[in-house]
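K.L.:
Take a look at this one; I'll ask things after.
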Ligand code: CA
């Protein structure tokens, strides 16, 4: 899953990006509203974390202009618990909000919900044959036995599973699993797929020649 974080406080931005990458997300960053809007329109993110107080364009303006173009899930960070801000955010098309200062685990949990909803999967667990994926715990079992996956393998599996029944193109996988600083995914994607098949079954991920990969 690929996220955009728009935040002008450098320490918070760097800390959030680091924490989210540790969770296995690909993370792009923007330090002001203009850059944030540009990236939000140019790339297809699974969710956006958007601070309200930003230089150039504030978070409200970014959200309004983004919503004129696309429906990417947006979580707003508001400075204080002001109900007028919340109402305005939800009216403007924000999908959720969090009041600063916030707990990172809560941010993670809310993002997971937004990403699932964005993919049309309201439930936190996915059952595909004998494979069980718990997206809240980021845990996978096969026939009841825990399966150990690297962060990249998990991210790939979750993306394909959330888009179950669809053929996911390699381009889409590069876009959603790699961030703006990472150009190497194309070399390792096949390796990740190979390893996932070894762990979850040879037929678990199907190759659609010339198109991409699919979990049925
Ligand atoms: Ca700010």
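Nothing in this text is a laboratory measurement; each read-out follows from the coordinates by a stated rule. Values in this document were obtained by computation on a predicted structure and should not be read as measured data. In this analysis, Cβ positions are derived from the backbone assuming ideal geometry, glycine residues included, and neighbour counts consider all displayed protein chains.
K.L.:
With everything on Cα atoms, drop me the angle between helix 10-22 and the longest principal axis of the chain, reported from 0 to 90° to the nearest 10.
P.N.:
20
K.L.:
Among DSSP beta bridges lying fully in segment 78-179, give the percent that are antiparallel, nearest 5.
P.N.:
Approximately 90 percent, going by the DSSP bridge assignments.
K.L.:
Once the Cα atoms of the chain are picked out, what are the Rg and Dmax in Å?
P.N.:
17.7, 53
K.L.:
With angles folded into 0 to 90 degrees, how steeply does helix 33-42 sit against the dominant principal axis of the chain? Use alpha carbons for both and round to 10.
P.N.:
Here the helix axis deviates by roughly 30 degrees.
K.L.:
Along the Cα→Cβ direction, 7 angstrom out, place labels at residue 180 and residue 41. What is the inter-label distance in nm?
P.N.:
Label-label distance for residue 180 and residue 41, simple model: 1.5 nm.
K.L.:
Indicate, rounded to the nearest 5 percent, the antiparallel portion of the DSSP beta bridges found entirely in the chain.
P.N.:
The antiparallel proportion sits near 50 percent.
K.L.:
Between residue 117 and residue 187, what's the calculated FRET efficiency when r is the beta-carbon distance and R0 is 25 Å? Round to 0.05.
P.N.:
For R0 = 25 Å, the calculated efficiency reads 0.20.
K.L.:
Between the helical axis of 185-200 and the dominant principal axis of the chain, each derived from Cα atoms, what acute angle in degrees is found, rounded to the nearest 10?
P.N.:
The angle comes out at about 60 degrees.
K.L.:
What FRET efficiency would be calculated for the residue pair residue 198, residue 22, taking the C-beta separation as r and a Förster radius of 25 Å, to the nearest 0.05?
P.N.:
0.50
K.L.:
Still on this structure: Can you give me the distance in nm between label points at residue 70 and residue 106, each placed 7 Å from the Cα along the Cα-to-Cβ direction?
P.N.:
Simple spin-label model gives 2.9 nm for this pair.
K.L.:
At 7 Å along Cα-to-Cβ for each site, give me the label-to-label distance between residue 53 and residue 91 in nm.
P.N.:
2.2
K.L.:
Sticking with this structure for a sec: Among 124, 69, 161, determine the one that fluctuates most according to a GNM of the chain built with springs between C-alpha atoms less than 10 Å apart.
P.N.:
69
K.L.:
Further, regarding this structure: Over segment 125-214, what per residue volume does the convex hull of the Cα atoms give, in whole Å³?
P.N.:
Taking the convex hull of the Cα positions in segment 125-214, it is 95 Å³ per residue.
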